[in-house]
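**Student:** Would you mind keeping the following structure in view while I ask a few things?
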Amino acid sequence: MLDTFLPFAKPSISEDAIDEVVACLRSGWITTGPRTAQFEQQLAEYCQAPHALCLNSATAGLHTALLSLELQPGDEVITTPLTFVATLNTIVQAGGTPVLADIDPNTLNISVEHVKKSITNRTRAIVPVHFAGLPVDLDPLYELAKTHQLHIVEDAAHAIGAHYKNKVIGSFGHTQVFSFHPNKNMTTGEGGCVVTRDDDMAHQISVLRFHGISRAAFDRFSKSGTQHYEVVTPGFKYNMLDIQAALGIHQLKRLDDFIAKRTALANRYLDAFKDKPYFQLPKAPNYAHRHAWHLFTPLVNTDYLTRDTFMSALKEKNIGSGLHYITPHLYPYYQQTFGFQRGTCPIAEDIGDRIVSLPLFPDLTIAQQDHVIETINSIFTS
Ligand SMILES: *Cc1c(COP(=O)(O)O)cnc(C)c1O
């Protein structure tokens with residue numbers, strides 16, 4: 001038994017990141033400024049995208065990206081039931097009606113077949129989630145979006161650095177939103193980024209994230225280079241700090257290495273549990289991809305233990321685990337407001353009852369992982 005608690009996720013912060021934060025603090029400029037601009041530039045390069053806009057969370061990114069679609073009452077946005085509640089909340093906050101398309105039981109990603117069946121004449125957008133860092137099958141989804149003139153906002157909170165058919169997520173399609181929460185594949189403490197190829201959306205997000213201030217609007221009507229600005233909408237306070245960007249600059253440099261470490265650990269879990277009847281393991285899809293392995297999520301076979309009993313047993317042994325996710329449409333607000341209930345998305349609901357996230361982070365050692373594996377085997381066989 002471990003003397004100290006092993007969490008299921010932990011950020012890896014290098015000394016040069018710490019030095020950069022300290023340098024930022026000493027510089028006299030700690031809010032949005034040169035380091036945020038540098039981080040945005042580096043993110044745009046990494047994602048091969050014309051615009052990367054940093055915000056204080058991915059939730060803020062989803063909110064502003066969806067607001068810029070200017071949804072009208074009754075407009076529908078199709079999304080997945082296996083996601084964090086922020087995906088649904090921001091659809092509602094942007095004035096949309098969330099419509100759920102059930103998932104593919106193998107990839108745990110939104111099923112294109114179910115999306116197709118969910119499209120109505122009120123559908124305006126699709127918000128897929130690259131669950132656990134495994135890219136959604138984007139080609140057929142974008143084809144569908146083109147046919148029906150829908151915008152796709154990819155909730156890529158798990159997927160920075162993931163590849164779909166040899167292209168990095170963010171380098172094609174419409175709009176992607178990344179999260180830099182400490183549990184995600186790279187962190188700025190809290191933070192997020194929207195990447196888009198839509199110039200108009202990039203402009204709207206830049207206005208919405210900071211009080212509705214548009215310098216561009218002011219520049220159109222007056223001489224530029226003054227301290228004046230125009231407010232064109234009652235915007236939000238969603239900007240990223242340079243203190244956060246200081247961390248991000250050094251995290252991004254290590255992202256590919258983080259993913260390589262996560263992949264090696266995920267492969268060790270796959271191998272260790274391949275013949276164990278108490279777990280159903282994540283399956284690879286048949287299209288080319290690089291999994292970002294944000295999460296390693298087996299399904300617990302409830303003939304052995306319930307998922308919750310398993311998580312408690314692990315915790316008793318000083319090992320943390322995560323729950324991603326209980327399907328958010330079953331929370332009271334969503335049941336009461338949109339009439340969702342058990343049976344709305346039976347595949348995702350069943351998986352939400354059995355899924356568990358095992359410890360996975362770049363600094364997890366082989367010895368620690370072996371201990372986790374042995375402990376799990378003993379929990380199921382004792
Ligand atoms: C973490 C997460 C978010 C929210 O990210 P924040 O940066 O914490 O706002 C949104 N969607 C999914 C799928 C997430 O996992």
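**Student:** With respect to Ala157, is the statement that it is within 16 Å of the ligand (Cβ to nearest atom) and out of contact with any Leu (no Cβ under 6 Å at 6 or more places or on another chain) true?
**Tutor:** Considered against the rule, which asks whether it is within 16 Å of the ligand (Cβ to nearest atom) and out of contact with any Leu (no Cβ under 6 Å at 6 or more places or on another chain), Ala157 comes out as yes.
**Student:** Among the listed residues Ile91, Ile119, identify the single one that is within 16 Å of the ligand (Cβ to nearest atom) and either farther than 22 Å from Asn185 by Cβ or not assigned by TED's automatic domain parsing to the domain that holds His174 (or both).
**Tutor:** Ile91
**Student:** Among the candidates Ile347, Ile326, Ile351, which residue alone is β-branched (Val, Ile, Thr), assigned to a helix (DSSP H, G or I) and within 24 Å of Lys184 (Cβ to Cβ)?
**Tutor:** Every option except Ile351 fails the conditions.
**Student:** Note down all Cβ pairs under 8 Å where the first residue falls in segment 172-184 and is in the same structural domain as Asn56 (by TED's automatic domain parsing), the second is of a type in the set (Asp, Glu) and within 8 Å of the ligand (Cβ to nearest atom), and they're at least six residues apart or on different chains.
**Tutor:** Listed by first residue and then by second, the contacts come to Val177/Asp155; Phe180/Glu190; His181/Glu190; Pro182/Glu190.
**Student:** Of the residues Arg35, Arg26, only one is assigned to a helix (DSSP H, G or I), assigned by TED's automatic domain parsing to the domain that holds Val195, surrounded by fewer than 19 Cβ atoms within 10 Å (Cβ to Cβ) and among the basic types (Lys, Arg); which?
**Tutor:** Exactly one residue qualifies, and that residue is Arg26.
**Student:** Report, by residue number, each residue of segment 354-382 that is outside any helix (DSSP H, G or I) and without any contact (Cβ under 8 Å) to a residue 12 or more places away in the chain.
**Tutor:** Thr365, Ser382
**Student:** Provide a single number: the residues in segment 165-184 that are more than 15 Å from the ligand (Cβ to nearest atom) and either farther than 16 Å from Asp256 by Cβ or among the aliphatic types (A, V, I, L, M) (or both).
**Tutor:** 5
**Student:** Right, another one. Given the criteria more than 16 Å from the ligand (Cβ to nearest atom), part of a helix (DSSP H, G or I), of a type in the set (S, T, N, Q) and at pLDDT 95 or above, does Gln335 qualify?
**Tutor:** yes
**Student:** Select from segment 44-62 the residues that are touching a Phe, Trp or Tyr at 6+ places or on another chain (Cβ under 8 Å) and not polar (S, T, N, Q) and write down the one among them that is nearest to the ligand (Cβ to nearest atom).
**Tutor:** Ala58
**Student:** Hey, does segment 146-157 have a residue that's of a type in the set (Lys, Arg), crowded, with 20+ Cβ neighbours inside 10 Å and at pLDDT 95 or above?
**Tutor:** The answer is no; no qualifying residue exists.
**Student:** Oh, and also: Return yes or no: is Val77 touching a residue at least 60 places away in the same chain (Cβ under 8 Å), within 16 Å of the ligand (Cβ to nearest atom) and more than 21 Å from Pro285 (Cβ to Cβ)?
**Tutor:** When the stated conditions are applied, Val77 does not pass them.
The values are calculated or read from the model by the stated rules, or taken from the named source; none is laboratory data. Worth saying up front: this structure is predicted, and the values here are computed from it rather than measured. Methodologically, a virtual Cβ is constructed for each residue, glycine included, from the backbone with ideal geometry; neighbour enumeration extends over all protein chains shown.
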